[in-house]
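Laboratory data are not the source of any read-out in this text; all were calculated from the coordinates shown. Predicted, not measured: the structure shown is a model, and the values here were computed from it. For neighbour counting, all protein chains shown are included, and Cβ atoms are generated from backbone atoms with ideal geometry for every residue, glycine included.
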Amino acid sequence: MAKEEQQMNSSSSSGSEVVSGSIRRVLLISAGASHTLALLSGNVVCSWGRGEDGQLGHGDAEDRFTPTQLSALDDKEIVSITSGADHTTAYSESQMQVYSWGWGDFGRLGHGNSSDLFSPQPIKALQGVRIKQIACGDSHCLAVTMEGEVQSWGRNQNGQLGLGTTEDSLVPRKIEAFKGISVKMVAAGAEHTAAVTEDGELYGWGWGRYGNLGLGDRDDRLVPGKVSTVEGEKMTLVACGWRHTISVSSSGSLYTYGWSKYGQLGHGDFGDHLIPHKLEALHENRIAQISGGWRHTMALTTDGKLYGWGWNKFGQVGVGDNTDHCSPVQVKFPLDQKVVNISCGWRHTVAVTERQNVFSWGRGTNGQLAHGDSLDRNVPKIIEALSMDGSSGQHIEASKADVSSEKTWVSPTERYAVVPNENVQGQSETLFGKNGNDVNVPESDVKRIRI
């Protein structure tokens, strides 16, 4: 076994267990609305940030301001992690099992109910299914099987599940529209979904008000619609922001479409695009990874350069200011470190460099940046506990919650007295408020009021 994969030693520190020892490599990162996860070598999962809805998986509703090992998954041999807005999934290849936890409204956890979960639980409907990839949006999830089929579950008010209806699904259901079509990957936004097939075709479905489906109009689609306007380009990657979509072609070109009120499409303006539009500002670069935030976008080139643009109120673009950017700006790292992995949350961003350092920036109010405080930051700051160059070495807290003694399933009615509607105060109950904002876009972090 490689040195970095040896088991860490444990020691107690001021009432909380601390995991330390040989450095583990950060293999994957995934950022949700206000929480973040990392998968380390040795199948170790860490989570931090907002925990109100159980999305951290530690058996409680507490925020974590530093990386904390998700002990409930220690023996599950997890190989992938995916954060939704306020829920999370993980997949064990050896056990062929998907786990989910967090906010459960609309059935987004896939367990046949709408209860919240404060620790990981297996999705019974996916037991034994070989999973290629999982995508989580605001309130819905999708899984691509190794055979190229797609299953979806959760909220479906705009057809984002692709099942031909607007009924929510509390358990995973196969998208029959893809029969005979092998899907490579999927991406999930707020209420829309995108997919790339093994043949390089691009699809979109769900909520299409801003052209974020790429189908040339603003209509919703209840089943996947083929995007046929990218001439001569086969697509290899796709990602969704809240209400915009990003795709990469086999030539490494970047395309964006959908909502661009904050410049998140990167075309130098704030206009929506109803079909995929090539991002000329990066035409000299080959794009290797993409990620969409609530209203910002990140693109990673094949030579390790990171570019960001869009909404930047909390510094989530990472370029040293808090001004929105409608064109790509390069994000700088100490010693010009090359980036190898990137993930956008709603208002924060996380990156891993080739030196095995993890950086974060943007909104920090719930500890989602893992710096031990709640400060916002507009430039990348190293996460000491996860980084090779961290000043104190890798230093990860271990969750001490005894999940076996916790009440695992909690219905929303038990936890909250009020479930407010989606309208922002002071706006009419039309699609757009008098200030021009989309009333379905929350303007604060408050979702539900705790009893």
At q = 0.07, 0.08, 0.10, 0.12 1/Å the base-10 log of I(q)/I(0) from the Debye formula over the alpha-carbon atoms of the stretch 3-419 is -0.29, -0.38, -0.61, -0.91
Taking only the C-alpha atoms, wrap a convex hull around the stretch 184-326 and report its volume per residue in Å³ as a whole number.
-> 92 Å³
Taking the mean number of other Cβ atoms within 10 Å as a proxy for protection, how do you rank 83-91, 268-276 from highest to lowest?
-> 83-91, 268-276
Which pairs in the list Lys234/Lys338; Lys226/Lys278; Lys305/Lys381; Lys179/Lys261 are over 25 Å apart, alpha-carbon to alpha-carbon?
-> Lys234/Lys338; Lys179/Lys261
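Specify whether the C-alpha gyration tensor of the stretch 49-124 places it in the rounded, prolate or oblate class, a ≥ b ≥ c being the square roots of the eigenvalues: rounded for a/c under 1.5, otherwise prolate if a/b is larger than b/c and oblate if not.
oblate
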GluC sites (Glu not before Pro) within the stretch 120-173, DSSP loop, no more than 14 other Cβ atoms inside 10 Å | Glu147, Glu167
Using θ = phi - 60° and the Karplus form 6.51 cos²θ - 1.76 cosθ + 1.60, what ³J(HN,Hα) does each residue of the stretch 67-73 get, whole Hz, x for Gly and Pro?
-> x, 10, 5, 8, 4, 5, 9
If you stretched the chain out fully between Asp219 and Glu280, how much longer would it get, using 0.36 nm times the residue separation minus the C-alpha to C-alpha distance?
-> 19.3 nm
Rounded to the nearest Å, what's the spacing between the alpha carbon centres of the stretch 90-128 and the stretch 149-163? Just the number, please.
-> 16 Å
Could you please state, rounded to a whole Å, how far the C-alpha centre of the stretch 226-274 is from the C-alpha centre of the stretch 363-380?
-> 29 Å
By average Cβ neighbour count within 10 Å, what is the ranking of 318-324, 55-61 from highest down?
-> 55-61, 318-324
Ordered by residue, what ³J(HN,Hα) values in Hz, to whole numbers, does the stretch 210-224 give under the Karplus form 6.51 cos²θ - 1.76 cosθ + 1.60, where θ = phi - 60° and Gly and Pro are x?
-> 9, x, 6, 8, x, 9, x, 9, 10, 8, 6, 10, 8, 9, x
Packing-ranked peptide list from 176-182, 211-217, 94-100, highest mean Cβ count within 10 angstrom first, is 211-217, 94-100, 176-182
Can you sort Val352, Val186 so the residue with the fewest Cβ neighbours within 10 Å comes first?
-> Val352, Val186
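Going by a ≥ b ≥ c, the root eigenvalues of the Cα gyration tensor, does the stretch 116-245 fall in the rounded group (a/c under 1.5), the prolate group (a/b larger than b/c) or the oblate group?
It is oblate, given that a/c is not under 1.5 and a/b is not larger than b/c.
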